[in-house]
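Peer 1: Structure incoming, see below.
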4 protein chains.
Amino acid sequence: MKTELLLKEIHERYRSFNEGKLANYIPELAKVNPNLFAISIVTTDGEVFEAGDSQQLFTMQSSSKPFTYAMALSAFGRDKVREKVGVEPTGTSFNSIVEIEANTHRPYNPMVNAGAITISSMLSPEKSLEKRREEMLKFFGSFAGHELSIDETIYQSERSTAFRNRSIANLLRHFQVINGEIDGSLDLYFSQCSIQVNTRDLATMAATLANGGVHPSKYKVIDRDTVSDVLSIMLSCGMYDTAGEWAYQVGFPAKSGVSGCIFGVIPGKMGIAVYSPLINEHGHSVRGVKALQDLSYELKLHIFR
Amino acid sequence: MKTELLLKEIHERYRSFNEGKLANYIPELAKVNPNLFAISIVTTDGEVFEAGDSQQLFTMQSSSKPFTYAMALSAFGRDKVREKVGVEPTGTSFNSIVEIEANTHRPYNPMVNAGAITISSMLSPEKSLEKRREEMLKFFGSFAGHELSIDETIYQSERSTAFRNRSIANLLRHFQVINGEIDGSLDLYFSQCSIQVNTRDLATMAATLANGGVHPSKYKVIDRDTVSDVLSIMLSCGMYDTAGEWAYQVGFPAKSGVSGCIFGVIPGKMGIAVYSPLINEHGHSVRGVKALQDLSYELKLHIFR
Amino acid sequence: MKTELLLKEIHERYRSFNEGKLANYIPELAKVNPNLFAISIVTTDGEVFEAGDSQQLFTMQSSSKPFTYAMALSAFGRDKVREKVGVEPTGTSFNSIVEIEANTHRPYNPMVNAGAITISSMLSPEKSLEKRREEMLKFFGSFAGHELSIDETIYQSERSTAFRNRSIANLLRHFQVINGEIDGSLDLYFSQCSIQVNTRDLATMAATLANGGVHPSKYKVIDRDTVSDVLSIMLSCGMYDTAGEWAYQVGFPAKSGVSGCIFGVIPGKMGIAVYSPLINEHGHSVRGVKALQDLSYELKLHIFR
Amino acid sequence: MKTELLLKEIHERYRSFNEGKLANYIPELAKVNPNLFAISIVTTDGEVFEAGDSQQLFTMQSSSKPFTYAMALSAFGRDKVREKVGVEPTGTSFNSIVEIEANTHRPYNPMVNAGAITISSMLSPEKSLEKRREEMLKFFGSFAGHELSIDETIYQSERSTAFRNRSIANLLRHFQVINGEIDGSLDLYFSQCSIQVNTRDLATMAATLANGGVHPSKYKVIDRDTVSDVLSIMLSCGMYDTAGEWAYQVGFPAKSGVSGCIFGVIPGKMGIAVYSPLINEHGHSVRGVKALQDLSYELKLHIFR
């Protein structure tokens, strides 16, 4: 009740707040209605609180990265995954081209594109794209509690303009961080970015992490240890070069996507998802950051507060 | 009881583990007995558990940084302090010379030397060194519960060999992050590094943070909000370029000093301090890291586990 | 006469000098006979002096870069070429991945791969690879004085393993330094690297530069101003991160190729080419560097000596 | 005659060209008359051509660096000097703080402050500042052909505000590139920057270099080999991050000072000095660069033209 009212209040507080820009690196994202704004909370018991356009679908973009990381950890174990991808933040990088460690050539962490593409390359590289997509959608769907699908228009658009990601993949292949061919793994990466969800889906996925890997309706999705590894990385690296700021001001693990979504995990309590497509210079939803800061403060969700 | 036994077991487990080297950047630190090894836990209720050389004094070195940061936050408030010093991790820096942000010229965070020296420069710069030391010792002493003192031999040694710190201070002065003269602020910084404690002292100081800024014997030292800011920074930046690894494997805020000490804070529960002078290439006590990893696992202290 | 003897003496001096390694980034280069060693001098009058295996063919690799740069300068003029590619050395880069300027995203200069690939992208991008190759071979051939050809085995090998170059090309495309498709331009770049010459050919090409753009047999190939621009870049950037050392010790414009060739230009006097496939950590022929140092000293070829 | 007229024409061409700013890093430099503009040419035979304020004194600043480098080379030989200071350009550095090589910790070259301060530290460190200054003034004076003196006001001003240089010196001391105390060496460095000359003096000093180390009035100052080393470094590193541009457009060794002076050396022919205190963002005199470009073009002074 109180939570429901608070969500509506916060939604009202920022709905006409118009800072930020639509992502324009692919044409489709720039066509979105900039006024869209949704907040959903799903508790570990499965209770749902919502405000705004919570049925509006959007593509996950980078908010998919914690889940493919979980998928790789579940399949190969922590040690094997860490051989390929590190766990350190990149720092306020002067030059965002460099996402790989100078000595090891490993990507810094699975939350930057280089890391996520490497994770993709580990997921059934011997199978067809169709099969790999199917496995991924099944895994993501078990977090959400229902089948998910890919926005093929966004997928095609990402695929045909992703020069930077193609540059990264070739560099990783050069350093033999990725072995074998890279085109299929890039296609899988573009696919994960193009998975469609609404805030209720995303908050449910977050609630599954908050619930130790068990879906609010009580079936197990991943191990508790995998959850702990995913949340640790989200806290230290999930918000890129504002990770320190985020830990300071908001204080719970979160991950944003350039489509305008952010989700947060409050262990033992709830998952939260916000969506609003106007983003700031760091790629985070402007209304989303505001809403999560206020929620952290008013619901006392900061891990150290 | 159980905790006591566990400490003794862990102490026994690593006491003859001889990896690492004595810090040699000042001659005094290189003369220490490499076999020293102590672990202390102090709960928020003031219960004490110990193993090993828990009466052995050592200098705080960088483990003093969270406390001077707390001192500045208490004196000036969060906003004023953040104008001078950032809150982001530096990343796995290829070049440890650079601890300041490219655009703002602010130090990345208060846990790197550049940040800590800037914090020192804010603490009563108009007063004499003697007076500034007195205020600092009083502040630190209120965390420990008794008066603390400075190891003057270490202080003099640090002071006369600190070319790198003098380089940093001059650069900060050049960029006007520090105003006024720098020698006094450097002297205060060397003083804070040279404060003597044993693991019981340091664990008590940590317990005061764990207890929301209230000493286990119930008197208030700092605000709850200041504690939250200090712990956030410790978690994201306290262990330098192994911060991500630490969050992943140990999962509670901690800070190490090159003398061989590390302290950790488990909010609402306890402070932990370890001391053992053999350090690894990151400047962390080798036995200390091992002990804290095991304690995190066996007492379930990871924030996400 | 004297020059002939000197060449033989220097050849003898270093022929059994076995430092360095065969380039192994493509399998074909690693199969070469490591004892091959040739020196050729061609004067601006067309006189030829030689020692060693001067009929041995090898691929030009990076020694082709000054000529494609000349080709672009001739076709588009200095201003248009400089919009795309800078003229500054990269410095002793800690990280050879970064060959583009932080602000403009232009490659530092046409002697690094990023610059040479950008130059390739300017050369008749609207035409077929076959046609583009034909134009390039004609241009290069006019420097050598006869038709040149491409080593198709090397070409195919470079093409199928060039992940780093593909990474660079995609990054340049991302920053719109290169427009249009990149595969054809990469293929043209691999083609230029695979052009076959012997030291007499390469020394003749160098002599054409030394002679102000006029082939020793008196026909004009390029403008005098283009020659000046090419030589300036070769002097400041031709020997990568040993450019300063080279200017200091040898003191004439030169360019090396990873196949083991180096050519130098002494304006108004002669072109020199050496070939010997054992290379050092900078990618320069070990015997080649030795021979050119001695020649500079004994024939007084340093521009400031 | 023709040269005299050309100088007057070029002087006239740029005298009312008002781009650039006065150096303001020390108050004294910001007080200078911005309209000052002088050009002097001194041939290796001692002929003098001048235009504008050629009697106006100014401080040498960084234009002193080639001469202290020559002083160290003369005293210790090439090998010993190169152990301490490299010969490579720094590249278009993103971050001008870093002037030392990552692995060796040596300064990149003697033309950047780190290199020049290291050179200072080699010059009679055991003697008093007075004695060291005396030796330096004698050496510089032998290039100019008469006694030179230090502007003590500028010297004091530099000395009291040189936080960046003090930072560099401490870092070099930390890495033991400089041994012993650093204050005296910094004072010597500030002294060399504060030596007063006019353009005729500076052109005479340049003519001595152009003349193989022999003053136009026929007495020997330094060895021919030392001259060659100095000119090589000036060409590759003398104009900082515009070194490539300079080699491309102007094409002779030069060195600028932030007071607004630039001198160039045309081996076997002449020395040129210009002075005009409005400088660009690279620290080069705006009118000076223009004048030298035109002189290079009209007198055909480019080494490759």
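Peer 1: Among the residues in region A:88-99, are any away from every other protein chain (no Cβ under 14 Å), among the small types (Gly, Ala, Ser) and in contact (Cβ under 8 Å) with a residue 60 or more places away in the chain?
Peer 2: Of the residues in region A:88-99, the ones away from every other protein chain (no Cβ under 14 Å) are none.
No, every residue in region A:88-99 fails to be away from every other protein chain (no Cβ under 14 Å), among the small types (Gly, Ala, Ser) and in contact (Cβ under 8 Å) with a residue 60 or more places away in the chain.
Peer 1: From the residues in region C:188-219 that are open to solvent by less than 10 Å² (accessible area, probe 1.4 Å) and of a type in the set (Phe, Trp, Tyr), which one is nearest to C:SER120 (Cα to Cα)?
Peer 2: Within region C:188-219, the match that is nearest to C:SER120 (Cα to Cα) is C:TYR189.
Residue by residue, here is whether (1) closer than 30 Å to A:LEU7 by Cβ; (2) at pLDDT 95 or above holds:
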position: A:ALA70; (1), (2): yes, yes
position: A:ALA75; (1), (2): no, yes
position: A:LYS84; (1), (2): no, yes
position: A:PRO107; (1), (2): no, no
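Peer 1: Quick check on my filter: what residues within region D:5-29 are open to solvent by less than 50 Å² (accessible area, probe 1.4 Å), outside any loop (DSSP other than H, G, I, E, B) and closer than 21 Å to D:TYR155 by Cα? Walk me through how you get there before you give the answer.
Peer 2: Here is the first cut: in region D:5-29, the ones open to solvent by less than 50 Å² (accessible area, probe 1.4 Å) are D:6-7, D:10-11, D:14, D:20, D:22-23, D:26, D:28-29.
With the extra rule that they be outside any loop (DSSP other than H, G, I, E, B), the set shrinks to D:6-7, D:10-11, D:14, D:22, D:28-29.
Of everything in region D:5-29, those that are open to solvent by less than 50 Å² (accessible area, probe 1.4 Å), outside any loop (DSSP other than H, G, I, E, B) and closer than 21 Å to D:TYR155 by Cα turn out to be D:LEU22, D:GLU28, D:LEU29.
Peer 1: Also: Checking the conditions here, which among D:SER185, D:SER149, D:SER228 is away from chain B (no Cβ under 14 Å) and crowded, with 18+ Cβ neighbours inside 10 Å? Spell out the reasoning first.
Peer 2: Details: D:SER185 fails: away from chain B (no Cβ under 14 Å); D:SER149 fails: crowded, with 18+ Cβ neighbours inside 10 Å.
So the residue among D:SER185, D:SER149, D:SER228 that is away from chain B (no Cβ under 14 Å) and crowded, with 18+ Cβ neighbours inside 10 Å is D:SER228.
Peer 1: Look at A:TYR240 and say whether it is more than 11 Å from every other protein chain (Cβ to nearest Cβ) and either crowded, with 24+ Cβ neighbours inside 10 Å or farther than 24 Å from A:GLU298 by Cα (or both).
Peer 2: Numbers: more than 11 Å from every other protein chain (Cβ to nearest Cβ): no; either crowded, with 24+ Cβ neighbours inside 10 Å or farther than 24 Å from A:GLU298 by Cα (or both): yes.
In short, no.
Peer 1: Test A:GLY260 against the criterion of being more than 13 Å from A:MET111 (Cβ to Cβ), crowded, with 24+ Cβ neighbours inside 10 Å, more than 13 Å from chain B (Cβ to nearest Cβ) and in contact with a helix residue (DSSP H, G or I) (Cβ under 9 Å, 6 or more places away or on another chain), and give yes or no. So that I can check it myself, show each step before the final result.
Peer 2: Values: more than 13 Å from A:MET111 (Cβ to Cβ): yes; crowded, with 24+ Cβ neighbours inside 10 Å: yes; more than 13 Å from chain B (Cβ to nearest Cβ): yes; in contact with a helix residue (DSSP H, G or I) (Cβ under 9 Å, 6 or more places away or on another chain): yes.
Answer is yes for this residue.
Peer 1: Hey, could you check region B:243-257 for residues that are more than 19 Å from B:ALA207 (Cα to Cα) and among the aliphatic types (A, V, I, L, M) and say which is nearest to the other protein chains (Cβ to nearest Cβ)?
Peer 2: The first filter runs over region B:243-257 and keeps only residues more than 19 Å from B:ALA207 (Cα to Cα), leaving B:243-249.
Then drop every residue that is not among the aliphatic types (A, V, I, L, M), which leaves B:243, B:247.
Numbers: B:ALA243: 6, B:ALA247: 5 Å.
The extreme case among them is B:ALA247.
Peer 1: May I ask you to list the residues in region B:119-133 that are of a type outside the set (A, V, I, L, M, F, W, C) and touching a Ser or Thr at 6+ places or on another chain (Cβ under 9 Å)? Step through it out loud before you land on a result.
Peer 2: To start, the set of residues in region B:119-133 that are of a type outside the set (A, V, I, L, M, F, W, C) comprises B:120-121, B:124-128, B:130-133.
Passing the criteria: B:SER120, B:SER121, B:PRO125, B:LYS131, B:ARG132, B:ARG133.
Peer 1: I'm trying to understand the selection: among the residues of region D:189-225, which are touching a Lys or Arg at 6+ places or on another chain (Cβ under 7 Å) and within 14 Å of another protein chain (Cβ to nearest Cβ)? I'd like the intermediate steps shown before the answer.
Peer 2: Going residue by residue through region D:189-225, those that are touching a Lys or Arg at 6+ places or on another chain (Cβ under 7 Å) are D:190-191, D:210, D:212-214.
The answer is D:ALA210, D:GLY212, D:GLY213.
Peer 1: Would you tally the residues in region D:136-195 being of a type in the set (Lys, Arg) and in contact (Cβ under 8 Å) with a residue 24 or more places away in the chain?
Peer 2: Here is the first cut: in region D:136-195, the ones of a type in the set (Lys, Arg) are D:138, D:159, D:164, D:166, D:173.
When the remaining residues are screened for being in contact (Cβ under 8 Å) with a residue 24 or more places away in the chain, the result is D:159, D:164.
The total comes to 2.
Peer 1: Restricting attention to region B:263-305, and to residues there that are over 18 Å from B:LYS8 (Cα atoms) and charged (D, E, K, R), which single residue is surrounded by the fewest Cβ atoms within 10 Å (Cβ to Cβ)?
Peer 2: So the residue we want is B:GLU281.
Peer 1: Also: If you take the residues of region A:263-295 that are part of a strand (DSSP E or B) and among the hydroxyl-bearing types (Ser, Thr, Tyr), which of them is farthest from the other protein chains (Cβ to nearest Cβ)? Show your work before the answer.
Peer 2: Here is the first cut: in region A:263-295, the residues part of a strand (DSSP E or B) are A:263-266, A:270-275, A:278-279, A:285.
Keeping just the survivors that are among the hydroxyl-bearing types (Ser, Thr, Tyr) gives A:275, A:285.
Numbers: A:TYR275: 25, A:SER285: 20 Å.
Among those residues, the one meeting the criterion is A:TYR275.
Peer 1: Taking only region B:190-230 into account, find how many residues are within 18 Å of the chain's Cα centre (by Cα) and either under 20 Å from B:GLU83 (Cα atoms) or of a type in the set (D, E, K, R) (or both).
Peer 2: Result for region B:190-230: 7.
Peer 1: What number of residues within region D:219-244 satisfy the criterion of being acidic (Asp, Glu) and modelled with pLDDT under 90? Working first, answer last.
Peer 2: Looking only at region D:219-244, we keep the residues that are acidic (Asp, Glu), and these are D:223, D:225, D:229, D:241.
Now restrict to residues that are modelled with pLDDT under 90: D:241.
Counting residues in region D:219-244 that are acidic (Asp, Glu) and modelled with pLDDT under 90 gives 1.
Peer 1: Which of the numbered conditions does C:LYS220 fail, given that it passes all the others? Conditions: (1) under 26 Å from D:PRO267 (Cα atoms); (2) without any contact (Cβ under 8 Å) to a residue 12 or more places away in the chain.
Peer 2: (1)
Peer 1: Could I ask something else about it? Sort out which residues of region A:55-75 are over 23 Å from A:THR153 (Cα atoms) and either polar (S, T, N, Q) or free of Cβ contacts under 8 Å to residues at least 60 places away in the same chain (or both), and write them in order of number.
Peer 2: Taking region A:55-75 and keeping what is over 23 Å from A:THR153 (Cα atoms), we get A:66, A:69-75.
Result: A:ALA72, A:SER74, A:ALA75.
Peer 1: Right, another one. Looking only at residues in region D:107-140 that are within 16 Å of D:GLU83 (Cα to Cα) and surrounded by fewer than 22 Cβ atoms within 10 Å (Cβ to Cβ), which one is nearest to the other protein chains (Cβ to nearest Cβ)?
Peer 2: D:MET122
Peer 1: May I ask you to verify whether A:PHE143 is open to solvent by less than 30 Å² (accessible area, probe 1.4 Å), under 19 Å from the mean Cα position of the chain (by Cα) and of a type in the set (Phe, Trp, Tyr)?
Peer 2: Values: open to solvent by less than 30 Å² (accessible area, probe 1.4 Å): yes; under 19 Å from the mean Cα position of the chain (by Cα): yes; of a type in the set (Phe, Trp, Tyr): yes.
Judged against the criteria, A:PHE143 is a match.
Peer 1: Counting just the residues of region A:156-181 that are more than 7 Å from chain C (Cβ to nearest Cβ) and buried (at least 21 other Cβ atoms within 10 Å of the Cβ), which one comes out nearest to A:VAL258 (Cα to Cα)?
Peer 2: Of region A:156-181, the ones more than 7 Å from chain C (Cβ to nearest Cβ) are A:156-162, A:165, A:168-169, A:172, A:175-181.
Then drop every residue that is not buried (at least 21 other Cβ atoms within 10 Å of the Cβ), which leaves A:158, A:162, A:165, A:168-169, A:172, A:177-178.
Working: A:GLU158: 12, A:ALA162: 14, A:ASN165: 15, A:ILE168: 18, A:ALA169: 20, A:LEU172: 23, A:VAL177: 26, A:ILE178: 25 Å.
Ranking the qualifying residues of region A:156-181, first place goes to A:GLU158.
Peer 1: Run down C:LEU188, C:LEU202 and say which single residue is under 27 Å from D:ALA247 (Cβ atoms) and not β-branched (Val, Ile, Thr). Walk me through how you get there before you give the answer.
Peer 2: Numbers: C:LEU188 fails: under 27 Å from D:ALA247 (Cβ atoms).
Only one candidate passes the filter, namely C:LEU202.
The values are calculated or read from the model by the stated rules, or taken from the named source; none is laboratory data. Predicted model, so just to flag it, every value in this text is computed and none were measured. Here the Cβ is made from the backbone with ideal geometry for all residues, glycine too, and neighbour counts use every protein chain on show. Please note that ligands, DNA and RNA were not included when accessible areas were found on the heavy atoms of the full protein model with its side chains. Shrake-Rupley method; radii C 1.70, N 1.55, O 1.52, S 1.80 Å.
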